[in-house]
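Take a look at the structure below.
The values are calculated or read from the model by the stated rules, or taken from the named source; none is laboratory data. Everything quoted here is computed from the prediction, not taken from an experiment. Backbone-built Cβ (ideal geometry, glycine too); neighbour counts: all protein chains shown.
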Amino acid sequence: SAGSASPRELAFLRDRTLVNEGHKQVYGTQIAGVKDGAPIPWPCEEPERMNELRAEVGIEPFGEYVAKFSPA
């Protein structure tokens with residue numbers, strides 16, 4: 001409420017809260033697990049718009065985001 005959180009931080013918080021409450025996330029920030037060596041997000045409300053919504057709040061595309069966590 002003090003305005004100290006960035007849109008990016010609020011997006012991560014929103015997704016985490018939604019997932020913890022059993023709902024689909026919006027931005028694809030929460031990882032459900034790994035399939036065939038690739039991280040996959042928890043279900044999203046609009047998976048076809050996930051990267052567009054991520055860009056609006058300053059989050060890199062999902063592929064770039066999960067690449068940071070994959071072994072080189």
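Does GLY63 satisfy the criteria of being modelled with pLDDT under 95, touching a Pro at 6+ places or on another chain (Cβ under 8 Å) and either part of a helix (DSSP H, G or I) or of a type outside the set (Asp, Glu) (or both)?
no
For ALA11, are the conditions met, namely being among the aliphatic types (A, V, I, L, M), in contact with a helix residue (DSSP H, G or I) (Cβ under 8 Å, 6 or more places away or on another chain) and surrounded by fewer than 12 Cβ atoms within 10 Å (Cβ to Cβ)? Before the answer, list the steps.
Values: among the aliphatic types (A, V, I, L, M): yes; in contact with a helix residue (DSSP H, G or I) (Cβ under 8 Å, 6 or more places away or on another chain): yes; surrounded by fewer than 12 Cβ atoms within 10 Å (Cβ to Cβ): no.
Taking the combined requirement at face value, the residue does not satisfy it.
Taking ARG16 and the conditions (1) in contact (Cβ under 8 Å) with a residue 24 or more places away in the chain; (2) surrounded by fewer than 17 Cβ atoms within 10 Å (Cβ to Cβ); (3) not aliphatic (A, V, I, L, M), which numbered condition does it fall short on, given that it satisfies the others?
Among (1) in contact (Cβ under 8 Å) with a residue 24 or more places away in the chain; (2) surrounded by fewer than 17 Cβ atoms within 10 Å (Cβ to Cβ); (3) not aliphatic (A, V, I, L, M), the lone unmet condition for ARG16 is (1).
Out of everything in the stretch 25-42 that is β-branched (Val, Ile, Thr) and over 8 Å from the mean Cα position of the chain (by Cα), what residue ends up being surrounded by the most Cβ atoms within 10 Å (Cβ to Cβ)?
Once the filter is applied, the top-ranked residue is ILE40.
Condition first: within 13 Å of PHE12 (Cβ to Cβ) and either exposed (fewer than 10 other Cβ atoms within 10 Å of the Cβ) or acidic (Asp, Glu) (or both). Now tell me which residues in the stretch 43-72 satisfy that.
Matches in the stretch 43-72: GLU60 only.
Please specify each residue of the stretch 33-42 satisfying the condition of being in a strand (DSSP E or B) and either in contact (Cβ under 8 Å) with a residue 60 or more places away in the chain or within 21 Å of GLU9 (Cβ to Cβ) (or both).
Restricting attention to the stretch 33-42, the residues satisfying the condition of being in a strand (DSSP E or B) are 33-35, 38-41.
Hits for the stretch 33-42 are PRO39, PRO41.
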